[in-house]
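Trainee: I am attaching a structure below and will ask some questions about it afterwards.
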Amino acid sequence: MRKSNRAAAGVAAWQAVQTSARPGTPGLAERAAALPRMLWSRLRGRYDGLTVPRLLMFLLGIAYVASPIDLVPELFVPVLGLADDVGVAVWLATSLMSESERFLQWEGSDGYVQGRVVD
């Protein structure tokens with residue numbers, strides 16, 4: 001049952017990301033490719049758009065979706081057991097894509113030139 005929850009959560013997250021794309025904004029592949037750069041820039045102190053509490057929430061969301069332990073087990077309340085995974089996966093996917101879009105805008109700004117922050 002847990003495997004189908006992950007699949008459903010993944011499908012819901014994918015649909016949320018696809019419907020959140022707006023014309024003129026970076027595509028899904030570009031946003032996903034920016035995630036490691038964003039994290040690296042944040043860890044090196046160059047990018048301050050991603051706050052530590054938000055980063056921790058992302059990590060907790062990933063751990064929750066990947067974990068076999070649920071707040072609401074599917075065995076007792078199947079609908080809620082699926083809904084909590086789907087909800088977290090959708091929040092995580094849309095939040096990461098929004099954050100990566102902000103990062104890409106920051107990268108393209110005048111304050112960032114060839115991997116260095118310009119003072």
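The values are calculated or read from the model by the stated rules, or taken from the named source; none is laboratory data. Treat the numbers as computed from the prediction; the structure is a model and nothing was measured. Cβ sites come from the backbone with ideal geometry, for glycine too, and all protein chains shown count toward neighbours.
Trainee: Tell me yes or no: at least one residue of segment 39-55 is buried (at least 17 other Cβ atoms within 10 Å of the Cβ), modelled with pLDDT under 90 and part of a helix (DSSP H, G or I).
Mentor: No, that holds for no residue.
Trainee: Still on this structure: Within segment 61-76, take every residue that is loosely packed, with under 13 Cβ neighbours inside 10 Å and among the aliphatic types (A, V, I, L, M) and give me the one that is modelled with the highest pLDDT. Can you show your working first?
Mentor: Kept after step one, since they are loosely packed, with under 13 Cβ neighbours inside 10 Å, are these residues of segment 61-76: 63, 66-69, 71, 75-76.
Applying the additional criterion that residues be among the aliphatic types (A, V, I, L, M) yields 63, 66, 69, 71, 75.
On the way: A63: 90, A66: 83, I69: 74, L71: 66, L75: 71.
In this case the residue turns out to be A63.
Trainee: Give segment 29-88 a look and list any residue that's among the hydroxyl-bearing types (S, T, Y), under 26 Å from Q105 (Cα atoms) and free of Cβ contacts under 8 Å to residues at least 24 places away in the same chain, or say none.
Mentor: Correct list: T51 only.
Trainee: Does E107 satisfy being surrounded by 15 or more Cβ atoms within 10 Å (Cβ to Cβ), more than 14 Å from the chain's Cα centre (by Cα) and at pLDDT 80 or above?
Mentor: Details: surrounded by 15 or more Cβ atoms within 10 Å (Cβ to Cβ): yes; more than 14 Å from the chain's Cα centre (by Cα): yes; at pLDDT 80 or above: yes.
Yes: the conditions hold for E107.
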